[in-house]
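Encoded as structure tokens, the structure appears first; notes follow it.
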Amino acid sequence: AQSVTQLGSHVSVSEGALVLLRCNYSSSVPPYLFWYVQYPNQGLQLLLKYTSAATLVKGINGFEAEFKKSETSFHLTKPSAHMSDAAEYFCAVSDNQGGKLIFGQGTELSVKP
Amino acid sequence: GAVVSQHPSRVICKSGTSVKIECRSLDFQATTMFWYRQFPKQSLMLMATSNEGSKATYEQGVEKDKFLINHASLTLSTLTVTSAHPEDSSFYICSATGGDSHQVSGANVLTFGAGSRLTVL
């Protein structure tokens, strides 16, 4: 069985500050891990994914995430927040790249001017 | 790139009626499609997995007679909410993959639709 826990349902940062969104996973098989962003009333956009290659994964819009097996974590970071980053972020786990995803609860990111 | 279209994007219906939502892969053949449901301010919950030409596999707790899923072709899956009630009001999102036949850089592509918001009065 697989599961994902996102710590913090809401994160608020100032524009230009570091963004850190936390994700911990549980998986009985080597996991595939994903971060998605969702803007209001829209579908999901893939930010990045871990597929057992490099542990540090770079995504779109300046985001990156590091897979740490020892900590079962896949936290999402961005060095400098932009107002346009305000959205809902979901971490997800799967047992393959094209299979069903198990989503975390989501973290709403607010960016203050 | 891979594009998945959902229609309608918004639908309002009366209680007791049935509503059909379509999910189409526009530029690839989707061997598998997934249907998710999202309540306001909540996460996405997988409802079912559908493979072309076979019956859908429903997640535990999802009523298969309530949420009818059809995947009759490699480019179209439909979700029909039968005898809809206000508690069925939600955001429904599909995703599709072409499996081994549709890969980018050796990786299976999983693409999400933009979602369909259902409001049952």
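Computed values, structure above
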{"read-out": "Counted residues, segment A:53-86 - those being in a strand (DSSP E or B) and within 13 Å of chain B (Cβ to nearest Cβ)", "value": "1"}
{"read-out": "Answer residue from segment A:41-52, given it is touching a residue at least 12 places away in the same chain (Cβ under 8 Å) and part of a loop (DSSP other than H, G, I, E, B) and is surrounded by the fewest Cβ atoms within 10 Å (Cβ to Cβ) among those", "value": "A:SER52"}
{"read-out": "Residue satisfying all of: in segment A:69-90; of a type in the set (D, E, K, R) and buried (at least 16 other Cβ atoms within 10 Å of the Cβ); farthest from A:SER27 (Cα to Cα) among these", "value": "A:ASP85"}
{"read-out": "Which numbered condition B:GLN38 fails, given (1) touching a residue at least 60 places away in the same chain (Cβ under 8 Å); (2) closer than 15 Å to B:ALA96 by Cα", "value": "(2)"}
{"read-out": "Test result for B:ALA30, surrounded by 19 or more Cβ atoms within 10 Å (Cβ to Cβ), in contact with a strand residue (DSSP E or B) (Cβ under 9 Å, 6 or more places away or on another chain) and in a loop (DSSP other than H, G, I, E, B)", "value": "yes"}
{"read-out": "Residue under evaluation A:ILE102, criteria (1) within 12 Å of another protein chain (Cβ to nearest Cβ); (2) closer than 13 Å to A:LEU20 by Cα; (3) of a type in the set (Val, Ile, Thr), criterion not met", "value": "(2)"}
{"read-out": "Verdict on B:VAL11 being within 22 Å of A:PHE103 (Cβ to Cβ) and either more than 11 Å from chain A (Cβ to nearest Cβ) or not in a loop (DSSP other than H, G, I, E, B) (or both)", "value": "no"}
{"read-out": "Identity of the residue in segment A:91-107, modelled with pLDDT under 95 and part of a strand (DSSP E or B), that ends up surrounded by the most Cβ atoms within 10 Å (Cβ to Cβ)", "value": "A:ALA92"}
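The values are calculated or read from the model by the stated rules, or taken from the named source; none is laboratory data. This is a predicted model, so every value here is computed, not measured. Neighbour counts run over all protein chains shown; Cβ positions are idealised from the backbone, glycine included.
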